[in-house]
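The structure under discussion is supplied below as structure tokens; questions concerning it will follow.
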Amino acid sequence: LDARRGAWRMLANLGARPLGAALFADPRIERFPLRFRWLNSRHELYDGALKLIEHAPAGLWARRSLFELRGSRLLVTEVFLPAILALAP
């Protein structure tokens, strides 16, 4: 929340716009390499995701990306729910 008052204040009024649209629209924002991880039932992010799905899978994939703007960093973590497989062509 503190970052929304500083370099990342543009995110305070994001509304229904996708976060990615805001992050990739500004050429000053640097994106660091993505990091991936398999989350099992012992991970706190897995527990949080279970609230959004009907059946507990063996695990879930997650990725993190670090963004930097004017010396201020923002960490974005995404957990992919099983329904994402329905989006595949």
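Anything in the stretch 19-51 that is surrounded by fewer than 10 Cβ atoms within 10 Å (Cβ to Cβ) and aliphatic (A, V, I, L, M)? List them, or say none.
Selection gives ALA21 alone.
Give, as residue ranges, the strands (runs of 3 or more DSSP E) completely inside the chain that count at least 3 residues that are without any contact (Cβ under 8 Å) to a residue 24 or more places away in the chain.
72-80
Return yes when GLU54 is more than 23 Å from PRO18 (Cα to Cα) and open to solvent by 50 Å² or more (accessible area, probe 1.4 Å) and no when it is not.
Against the criterion (more than 23 Å from PRO18 (Cα to Cα) and open to solvent by 50 Å² or more (accessible area, probe 1.4 Å)), GLU54 qualifies.
Would you mention how many residues in the stretch 57-89 are open to solvent by less than 60 Å² (accessible area, probe 1.4 Å), of a type in the set (Gly, Ala, Ser) and under 30 Å from GLY6 (Cα atoms)?
Qualifying residue count for the region: 3.
I've got another one for you. Looking at TRP8 and the list (1) surrounded by 12 or more Cβ atoms within 10 Å (Cβ to Cβ); (2) out of contact with any Ser or Thr (no Cβ under 8 Å at 6 or more places or on another chain); (3) not charged (D, E, K, R), which single condition is not satisfied?
Status for TRP8: all satisfied but (2).
The values are calculated or read from the model by the stated rules, or taken from the named source; none is laboratory data. Everything quoted here is computed from the prediction, not taken from an experiment. A quick note on method: Cβ atoms are made from the backbone with ideal geometry, for glycine too, and the neighbour counts reach across all protein chains shown. These accessible areas exclude ligands, DNA and RNA; they are computed on the full protein's heavy atoms, side chains included. Shrake-Rupley method; radii C 1.70, N 1.55, O 1.52, S 1.80 Å.
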